[in-house]
1. Considering Leu91, Leu55, Leu85, Leu79, which residue is within 19 Å of the chain's Cα centre (by Cα) and not hydroxyl-bearing (Ser, Thr, Tyr)?
2. Give just the number: which of (1) in contact with a Leu (Cβ under 7 Å, 6 or more places away or on another chain); (2) without any contact (Cβ under 8 Å) to a residue 24 or more places away in the chain does Leu172 not satisfy?
3. Is there a residue being among the β-branched types (Val, Ile, Thr), modelled with pLDDT of 95 or more and either surrounded by fewer than 23 Cβ atoms within 10 Å (Cβ to Cβ) or farther than 21 Å from Val89 by Cα (or both) anywhere in segment 374-383?
4. For Ser150, state whether it is touching a residue at least 40 places away in the same chain (Cβ under 8 Å), surrounded by fewer than 19 Cβ atoms within 10 Å (Cβ to Cβ) and either polar (S, T, N, Q) or within 28 Å of Ile348 (Cα to Cα) (or both).
5. Out of all the residues in segment 31-45, which are part of a loop (DSSP other than H, G, I, E, B) and either of a type in the set (D, E, K, R) or under 22 Å from the mean Cα position of the chain (by Cα) (or both)?
6. Answer with yes or no whether Ile330 is surrounded by 21 or more Cβ atoms within 10 Å (Cβ to Cβ) and β-branched (Val, Ile, Thr).
7. Among the listed residues Gly343, Gly354, which satisfies the condition of being small (Gly, Ala, Ser), modelled with pLDDT of 90 or more, surrounded by fewer than 21 Cβ atoms within 10 Å (Cβ to Cβ) and assigned to a helix (DSSP H, G or I)?
8. May I ask you to list the residues in segment 385-444 that are in contact with an Asp or Glu (Cβ under 8 Å, 6 or more places away or on another chain) and of a type in the set (Gly, Ala, Ser)?
Amino acid sequence: MGVWSFITGAALLLLILVAICFLLYCGYIYYTHVKYDHIPGPPRDSFLFGHSSTLINLTKQNILAFDTFLEWAERYGPLIRINGLHRVVVLVLSSEGVKEILMSPKYTKDPFYKNIDIMFGARFMGKGLLTDLNYEHWHKQRRIMDPAFSRTYLIGLMGTFNEKAEDLVDTLGDKADGKCQVGMHNMLSRVTLDIIAKVAFGMELNSLHDDQTPFLRAISTVMRGMVETRNPFTQYTPGKQDFIRDVRKNIKLLRKTGQECIERRMKAIQDGEDIPVDILTQILKGAELEDGCNLENLIDNFVTFFIAGQETTANQLSFAVMELARYPEILTRVQTEVDEVIGSKRDIDYEDLGKLQYLSQVLKETLRLYPTAPGTSRIADEELIIEGVKIPPRTTLWFNTYIMGRMENFYQDPLIFNPDRFHPDAPKPGYAYFPFSLGPRSCIGQVFAQMEAKVVMAKLLQRFEFELVEGQSFEILDTGTLRPKDGVICRLRPRGEQKSRKQ
């Protein structure tokens with residue numbers, strides 16, 4: 001009897017402690033509401049969970065949450081409060097706010113990036129260039145990596161860009177009968193994977209011709225994992241455990257590939273072989289210059305560049321093909337420019353890229369409507385005033401170029417695909433367009449990515465006409481980056497008579 005009394009008393013005490021903790025937590029949430037409720041925003045779904053239910057439901061239904069935020073912006077203005085339990089994020093859709101925060105080094109990245117440092121208990125991107133929250137340490141890494149993105153090095157990549165892009169158009173040529181349905185996103189994902197593997201790490205993956213390559217699925221899986229980490233309850237959701245194990249398995253594959261690649265390069269250096277000044281070389285150089293850098297730190301940057309260099313460019317090219325197929329007059333205009341600049345040449349020269357002005361406009365307009373990396377976040381340590389609204393210290397500020405790119409405040413008829421917005425003489429809104437972020441933490445690979453995109457796109461335009469297969473939704477899928485949901489299924493035809501090919 002005494003034992004049961006003790007157990008009953010202990011259980012009652014535990015319930016009382018839990019109740020007290022819950023009440024204290026509710027009090028903290030109420031304090032958060034009082035602290036932030038002067039900032040405009042939609043009504044919360046509930047006192048406790050804030051807007052979490054709305055966001056989780058959108059993710060479950062594969063509905064792009066940014067379109068909901070765009071509706072909120074039209075109703076509530078350029079600053080929007082978003083609640084989730086005790087956390088508050090302020091979505092900043094103001095040129096003034098973008099300029100103030102992103103252009104300054106004093107605002108550090110938000111701890112959200114820790115979700116891709118360690119994902120579901122597995123080290124993913126670790127302390128790589130994307131996820132490093134320490135500005136001084138990041139800046140040291142950035143300086144070390146800069147030579148791999150110098151003009152001289154990038155010009156030297158034109159041979160590989162041409163080689164892999166030519167492999168793509170040759171492969172597509174076998175399907176270009178006007179009847180065969182081609183998933184352009186799949187094909188473009190394969191060529192960008194082959195390019196980044198070769199130019200960054202000296203790897204020949206040949207994924208254009210290897211249907212068994214595990215890397216495309218691995219990248220898609222871990223990117224989907226990034227989306228799922230936005231929901232703090234994913235790890236405890238019934239039915240998600242198989243997916244989480246799959247994410248961990250593919251993280252392991254990517255990191256093991258990085259380790260093997262790094263160890264091969266280290267051996268080549270030890271053996272006195274000629275070493276290219278590529279991204280991998282700079283990663284290893286960073287290990288020499290930085291005290292305490294170990295193999296895991298090196299793999300962090302391998303995974304960062306391997307994924308970022310493949311995923312974002314493939315998505316941009318896919319959206320560009322989709323829009324050109326929807327706007328025949330724009331397609332004709334950009335093909336005419338390619339014919340004038342490139343003609344029937346097999347190899348595109350670096351000097352040719354600067355002459356492809358309208359193609360540049362097409363690619364920029366693609367990123368306005370479909371920025372593959374749509375947003376970033378920062379922490380403001382001190383109190384701020386943006387658009388007349390007081391922002392408390394230690395607030396997470398979120399910036400989204402997808403939403404700003406579709407706001408009438410910044411662009412006339414924003415949902416219309418119009419490359420002339422980016423004509424050199426056209427007026428442009430300040431600090432509304434940042435598909436590669438802005439300021440000191442802007443993407444180091446943006447020039448690389450746009451050179452690659454131009455070469456691949458120019459060769460596609462040189463060789464083919466595109467026709468979209470009927471019944472596609474044109475919806476956007478958020479997989480950590482934005483990609484076309486239906487894969488841009490096209491029928492291809494050769495352009496006129498087969499052109500003679502100069503070697």
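1. Testing whether each residue is within 19 Å of the chain's Cα centre (by Cα) and not hydroxyl-bearing (Ser, Thr, Tyr) leaves just Leu91.
2. Only one criterion is unmet by Leu172, namely (2).
3. Pass one, segment 374-383, residues among the β-branched types (Val, Ile, Thr): 376, 379.
Now restrict to residues that are modelled with pLDDT of 95 or more: none.
Looking for residues that are among the β-branched types (Val, Ile, Thr), modelled with pLDDT of 95 or more and either surrounded by fewer than 23 Cβ atoms within 10 Å (Cβ to Cβ) or farther than 21 Å from Val89 by Cα (or both), one finds none in segment 374-383, hence no.
4. On the way: touching a residue at least 40 places away in the same chain (Cβ under 8 Å): no; surrounded by fewer than 19 Cβ atoms within 10 Å (Cβ to Cβ): yes; either polar (S, T, N, Q) or within 28 Å of Ile348 (Cα to Cα) (or both): yes.
So Ser150 does not fit the description; no.
5. Answer for segment 31-45, where residues must be part of a loop (DSSP other than H, G, I, E, B) and either of a type in the set (D, E, K, R) or under 22 Å from the mean Cα position of the chain (by Cα) (or both): Asp37, Arg44, Asp45.
6. Numbers: surrounded by 21 or more Cβ atoms within 10 Å (Cβ to Cβ): no; β-branched (Val, Ile, Thr): yes.
So Ile330 fails the test.
7. Gly354
8. Within segment 385-444, just Ala426 meets the criteria.
The values are calculated or read from the model by the stated rules, or taken from the named source; none is laboratory data. Everything numeric in this text was worked out from a predicted model, so none of it was measured. Cβ sites come from the backbone with ideal geometry, for glycine too, and all protein chains shown count toward neighbours.
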